[in-house]
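Quick notes on the structure that follows.
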Amino acid sequence: MKPTKLIRIFCCTVFLCVAWGCQPSPKTHSEAPPAVEATVSDDLVTHFATADKLDGQEDQVVHRCYACALSMDGNSQIAAKGNGYTFHFCSDHCRTQFVENPDQIVSQAMDMLESAQ
């Protein structure tokens with residue numbers, strides 16, 4: 001390949017990287033969007049207190065992502081509510097998994113947490 005062609009490719013790549021990085025940042029909202037509702041079986045609700053304590057606060061907010069087996073920090077902008085608790089998730093995908101099958105997600109997360117201890 002000729003050096004001039006390499007220089008053109010390099011310049012185009014740099015331009016695209018700069019242009020992509022200079023996109024306006026998304027607007028931030030001062031309030032979190034409404035949380036999605038999820039209902040978990042009563043026999044699994046007892047696990048919420050354990051998950052709630054993981055962040056050092058007992059405030060009925062689970063700050064760790066249940067779909068990631070409580071190993072990732074959640075985001076208050078991506079939340080679900082159920083059984084008196086608010087659950088934060090690391091992504092919309094994780095929240096969707098939780099809302100569609102909360103019993104399975106809670107059971108798997110608690111199994112992983114118990115096996116790690």
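The values are calculated or read from the model by the stated rules, or taken from the named source; none is laboratory data. All values derive from a computational prediction rather than experimental measurement. Cβ atoms come from the backbone with ideal geometry, glycine included; neighbour counts cover every protein chain shown.
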Select from segment 63-99 the residues that are farther than 16 Å from Leu44 by Cα and among the charged types (D, E, K, R) and list them in ascending order.
Arg64, Asp73, Asp92, Arg95
Kindly provide the set of residues from segment 40-56 that are hydrophobic (A, V, I, L, M, F, W, C), surrounded by 15 or more Cβ atoms within 10 Å (Cβ to Cβ) and at pLDDT 85 or above, ordered by number.
Phe48, Ala51
Could you please give the count of residues in segment 71-117 that are surrounded by fewer than 21 Cβ atoms within 10 Å (Cβ to Cβ) and not in a strand (DSSP E or B)?
25
Identify all residues within segment 67-81 that are at pLDDT below 90 and either basic (Lys, Arg) or closer than 18 Å to Asn101 by Cα (or both); write none if there are none.
Ala69, Leu70
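Can you tell me how many residues in segment 39-67 are touching a helix residue (DSSP H, G or I) at 6+ places or on another chain (Cβ under 6 Å) and within 14 Å of Val106 (Cα to Cα)?
Number satisfying all stated conditions: 8.
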In segment 57-66, what count of residues is obtained for those that are at pLDDT below 90 and hydrophobic (A, V, I, L, M, F, W, C)?
0
